[in-house]
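The values are calculated or read from the model by the stated rules, or taken from the named source; none is laboratory data. The structure presented is a predicted model; accordingly, all values stated were derived computationally and were not measured. With ideal geometry, Cβ positions are generated from the backbone for all residues, glycine too; neighbour counts draw on all protein chains shown. Remember, those area values only see protein heavy atoms, side chains included, never the ligands or the DNA or RNA. Shrake-Rupley method; radii C 1.70, N 1.55, O 1.52, S 1.80 Å.
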Amino acid sequence: MPIVRFHNYHGEHIELLDNNTVAFRKTSFAAAVTFSEKPLYPGEIFLLEIERNERGWSGYLRLGLTQHDPNARFPLPQFALPDLANMDAKKSWIFAVTKTHNRVWIDGDPQQDLPLPDNLNSHQQSVLGTGPYISTSRGVITRSMLRPAVRNQRQPSNASGVNDDAAVLAMDGLDSDSSVSSTSSGEMSHGGTGRESVLPTDVGSRIGVMFLPAGEFAEMHFIINGEDQGPCATNIAYREAALYAVVDVYGTTKQVRIVQLYGGR
């Protein structure tokens, strides 16, 4: 399978690294919108890992789907929310990731930043199933690949004294009976249960987005650290135009990497 990359059209403060699989915001907290290089397939999981945070800002990563084609080189807004969402009321579906839950722009009104109900999944079956392997439109993956990469991370200070999550993931924060490892493809092995303490906004957290057809329309699902969050956007007219992943490396989130779920190198 070919490698999954970010598109080379992106906000002015974004620098793409490691063969365009890492998006790093060089400065400020804005102008950091980027996209998947190619449209997503129905049922394909586009998965990110947070690699670095920067203290001193409010807000975190924004992620979702858009039918705005980055190949068209349209004028990029400063922010995914609310700017990109406002460009066309039914062409973008974007979340602001928070420490405790997703937030979704409700039904074409991108100015409502409302939490999803806590019981969203209580009556629904996870699209990921329950076994150790997950079948997607691009192949079978192991459930462990969706889980967070670390339990804890340090908050080291740089030369200016500002706390900054280093690009290095601090593995010595794990309990003695826990272990985490990651390969270049994103495959992970875990021991113990420490991964449950990783918040969605932490370094090491893995956050994915996918869409699934449901008749004439599609539903968007968020996958946070291996857990399906349920259908958080519906009535997506997926047949009208291709759907790209849209990523805003916003606020506290400083750097993200695409996890290669499908064997890309």
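Just a yes or no: is a residue in region 172-182 at pLDDT below 50, assigned to a strand (DSSP E or B) and buried (at least 20 other Cβ atoms within 10 Å of the Cβ)? Full working, then the answer.
Taking region 172-182 and keeping what is at pLDDT below 50, we get 172-182.
After this cut, where a residue has to be assigned to a strand (DSSP E or B) as well, the list is 179-182.
Retained after the next criterion (residues that are buried (at least 20 other Cβ atoms within 10 Å of the Cβ)): 180.
Looking for residues that are at pLDDT below 50, assigned to a strand (DSSP E or B) and buried (at least 20 other Cβ atoms within 10 Å of the Cβ), one finds at least one in region 172-182, hence yes.
Taking region 56-84 as the search range and keeping residues that are part of a strand (DSSP E or B) and of a type outside the set (S, T, N, Q), which one is farthest from Val256 (Cα to Cα)? Walk me through how you get there before you give the answer.
Narrowing region 56-84 to residues part of a strand (DSSP E or B): 62-66.
Among the residues that remain, those that are also of a type outside the set (S, T, N, Q) are: 62-65.
Values: Arg62: 11, Leu63: 11, Gly64: 14, Leu65: 17 Å.
If we take residues in region 56-84 being part of a strand (DSSP E or B) and of a type outside the set (S, T, N, Q), then Leu65 is farthest from Val256 (Cα to Cα).
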Cβ-Cβ under 6 Å, sequence separation 6+ or interchain: first residue in region 233-251 and within 13 Å of His68 (Cα to Cα) and touching a residue at least 60 places away in the same chain (Cβ under 8 Å), partner of a type outside the set (Ser, Thr, Tyr) and open to solvent by 40 Å² or more (accessible area, probe 1.4 Å). Which pairs?
Ala242/Pro39; Leu243/Pro39; Tyr244/Pro39
Residue list for region 7-25, filter: closer than 11 Å to Tyr250 by Cα and without any contact (Cβ under 8 Å) to a residue 40 or more places away in the chain:
His13
Could you give every pair whose Cβ atoms fall below 6 Å, whose first residue belongs to region 53-70 and is under 17 Å from Gly43 (Cα atoms) and polar (S, T, N, Q), and whose second residue is part of a strand (DSSP E or B) and modelled with pLDDT of 95 or more, counting only separations of at least 6 or pairs across chains?
Thr66/Ser92; Thr66/Tyr244; Thr66/Val246
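Report, by residue number, each residue of region 8-23 that is open to solvent by less than 10 Å² (accessible area, probe 1.4 Å) and within 19 Å of Ile94 (Cβ to Cβ). Lay out the reasoning, then the answer.
First pass over region 8-23, keeping only residues open to solvent by less than 10 Å² (accessible area, probe 1.4 Å): 11, 14, 21-23.
Within region 8-23, Gly11, Ile14, Ala23 qualify.
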Residue list for region 214-232, filter: in contact (Cβ under 8 Å) with a residue 40 or more places away in the chain and not in a strand (DSSP E or B):
Asn225, Gly226
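When you go through Thr252, Thr234 one by one, which is the residue that is at pLDDT below 95 and of a type in the set (Ser, Thr, Tyr)? Write out each step before concluding.
Values: Thr252 fails: at pLDDT below 95.
Result of the check over Thr252, Thr234: Thr234.
Could you list, in sequence order, the residues of region 30-51 that are at negative phi and out of contact with any Ser or Thr (no Cβ under 8 Å at 6 or more places or on another chain)?
Quick first cut of region 30-51, residues at negative phi only: 30, 32-42, 44-51.
Within region 30-51, Ala30, Ala32, Val33, Thr34, Ser36, Glu37, Lys38, Pro39, Leu40, Leu47, Leu48, Glu51 qualify.
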Condition check for Leu114: over 17 Å from Val203 (Cα atoms) and either assigned to a loop (DSSP other than H, G, I, E, B) or modelled with pLDDT of 95 or more (or both):
no
Within region 43-55, restricting attention to residues that are over 15 Å from the mean Cα position of the chain (by Cα) and over 15 Å from Leu261 (Cα atoms), which residue is least open to solvent (accessible area, probe 1.4 Å)?
Glu54
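If you go through region 24-33 one residue at a time, do you hit one that is within 16 Å of His7 (Cα to Cα) and either among the aromatic types (Phe, Trp, Tyr) or open to solvent by 20 Å² or more (accessible area, probe 1.4 Å) (or both)?
Residues of region 24-33 within 16 Å of His7 (Cα to Cα): 24-25, 31-33.
If we keep only those that are either among the aromatic types (Phe, Trp, Tyr) or open to solvent by 20 Å² or more (accessible area, probe 1.4 Å) (or both) too, we end up with 24.
Yes, there is a match, as at least one residue in region 24-33 is within 16 Å of His7 (Cα to Cα) and either among the aromatic types (Phe, Trp, Tyr) or open to solvent by 20 Å² or more (accessible area, probe 1.4 Å) (or both).
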